[in-house]
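None of the figures in this text is laboratory data; all of them are computed from the coordinates on show. Predicted model only: the values in this text are computed from it and were never measured. Glycine gets a Cβ as well: all are built from the backbone with ideal geometry, and neighbour counts include every protein chain shown.
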């Protein structure tokens, strides 16, 4: 079995890595698809084949079940943290636009207002430094806007550039931007409340297999003995965990696509 596993591993590596450079030069040129296999994929396949040869297919199956379950849980935790971080940054951007607009409407010149607003709103600090050095403030605001959750700074950058090119009062333009960001925050709160139900449905779906096992015990059967005692049961567990994880991740991905925070 070990010899067969080693042969399969060698063939897998040969197929994924491809021919040697010298053979590539001798081969006729053909149009290639823009694909590239990561070395981690090769190592993962080799590790799986090696584990199957050393531990057996059943052990590898249970390892796959654990990896899928913990990987899905980790994805959901990281995704929730990113959403909270993006929401916090969006709130900071809205507050920064409001403070800057208020300072400009009070009569301060743009560079001074930007420097003073940066004291209370760190998101404006790079733009304030650029203004002090005479650099492109709009470009710096665009760079800040590339961070997830800080897309509101892109509107501030556009307002700043319009004011520089046309001579229009930047206070009036930023006042409109600030109001727009405030409305976006309100819209995001409504969207988050609606998407919470969808995410809760995904979590409930993840608990359904455990409910099914409980119903089996309630009916007088022993589902755990069937699931953990044979190959068929293991295949069913792996399929159930895979499909459940796919459904949960799909719902989470759909919910992320409906988010208004950028």
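Some values worked out for this structure:
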{"read-out": "Simple label model, 7 Å out from Cα along Cβ direction - residue 213 to residue 143, nm", "value": "5.3 nm"}
{"read-out": "For segment 118-262: Kirkwood Rh in Å [reciprocal of mean 1/r, alpha carbons]", "value": "19.7 Å"}
{"read-out": "Residue 193 versus residue 102: modelled label distance in nm, points set 7 Å from Cα along the beta carbon direction", "value": "2.6 nm"}
{"read-out": "Prolate/oblate/rounded call for segment 89-182, Cα gyration tensor, a/c under 1.5 rounded", "value": "rounded"}
